[in-house]
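Read the structure below first, then the notes.
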Amino acid sequence: GYTRMPEAIKNAFTQIILNMLGGIAFLAGLMYLHVNGMPLTISGMIELSGAGTAQSALLVMPVILLSLAALTKAAQMPFHTWLLGAMVAPTSALLHSSTMVKAGVFLMVKLSPLYAIYPVTGFMVTSVGAITFLLAALMAISQSNAKRVLAYSTISNLGLISACLGVGAPEAVWAAIFLILFHTVAKSLLFLCVGTAEHHIGSRN
């Protein structure tokens, strides 16, 4: 909302509302854990999941809720519109490469051992990530606005990272971690290049 333009204000509220949905899912997951007397740490959840008790079976719901929060923050479909709207912000290089969008995938990295234990949660994350990866890549190549190309590319890359993490296997998790590092460096430089080009030619086309 920095520029105070109608488009900027509209997109600012879209960002707040969609990320708030993720925040509600995150809070619901924590409340579910607390109400059922389960640990509130991820290490404690992993330890409980291997216990084979009735309580460990209840872990599926909080893992799904926390994953939903992570997928929202990582701008996965159908929550991706907030990231496209954030393109009007003057700090998009920082926002899209390493700060905001990586919070979601970081949570999924921490949850990845649980995806291997509870296949239904891993399947959900992998499916959403794979669909997002494919559709966002197709949308990226159909854009003429350079910033929108990079935005869809970011969503697509985050989808690939999410798909790898949902598998839950150590090799796939390592691949996702390296993708996070690659995307952080490459995308921040690409955004800065687009900004430089825009200043010189006066267009993002």
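When S188, S112 are checked against the criterion of being assigned to a helix (DSSP H, G or I) and either free of Cβ contacts under 8 Å to residues at least 24 places away in the same chain or within 30 Å of G52 (Cα to Cα) (or both), S112 stands alone in meeting it. Please work out if L181 is over 22 Å from M45 (Cα atoms), within 19 Å of the chain's Cα centre (by Cα) and open to solvent by 30 Å² or more (accessible area, probe 1.4 Å). Spelling it out, L181 is indeed over 22 Å from M45 (Cα atoms), within 19 Å of the chain's Cα centre (by Cα) and open to solvent by 30 Å² or more (accessible area, probe 1.4 Å).
Residues in the stretch 1-20 that are within 16 Å of M100 (Cβ to Cβ) and open to solvent by less than 90 Å² (accessible area, probe 1.4 Å): G1, N11, A12, T14, Q15, I16, L18, N19. Screening the stretch 35-71 for residues that are over 18 Å from I117 (Cβ atoms) and more than 25 Å from the chain's Cα centre (by Cα) and picking the one that is most open to solvent (accessible area, probe 1.4 Å) gives V35.
Only residues that are more than 11 Å from the chain's Cα centre (by Cα), crowded, with 22+ Cβ neighbours inside 10 Å and under 19 Å from L192 (Cβ atoms) were counted across the stretch 153-170, and they come to 0. I'd like to check something: does the stretch 133-150 contain any residue that is in contact (Cβ under 8 Å) with a residue 12 or more places away in the chain, under 28 Å from L65 (Cβ atoms) and among the aromatic types (F, W, Y)? Yes.
Quick grid of which residues meet (1) among the aromatic types (F, W, Y); (2) out of contact with any Pro (no Cβ under 7 Å at 6 or more places or on another chain); (3) modelled with pLDDT of 85 or more:
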| residue | (1), (2), (3) |
| --- | --- |
| Y2 | yes, no, no |
| A25 | no, yes, yes |
| L30 | no, yes, yes |
| H34 | no, yes, yes |
| P39 | no, yes, no |
| E47 | no, yes, no |
| A51 | no, yes, no |
| A74 | no, yes, no |
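Which condition from (1) open to solvent by less than 40 Å² (accessible area, probe 1.4 Å); (2) modelled with pLDDT of 90 or more is the one that A186 breaks? Result: A186 fails condition (2) only. Of the residues making up the stretch 119-149, those that are surrounded by 22 or more Cβ atoms within 10 Å (Cβ to Cβ) and at pLDDT below 85 number 0.
For the stretch 191-203, the tally of residues that are under 20 Å from N157 (Cβ atoms) and either touching a residue at least 24 places away in the same chain (Cβ under 8 Å) or open to solvent by less than 70 Å² (accessible area, probe 1.4 Å) (or both) stands at 4.
The values are calculated or read from the model by the stated rules, or taken from the named source; none is laboratory data. Just so it is clear, the structure is predicted and the values come from calculations on it, not from any experiment. Cβ coordinates were reconstructed from backbone atoms using ideal geometry, including for glycine residues, and neighbour counts include every protein chain displayed. What goes into the accessible areas is simple: the full protein's heavy atoms, side chains included, and nothing from ligands, DNA or RNA. Shrake-Rupley method; radii C 1.70, N 1.55, O 1.52, S 1.80 Å.
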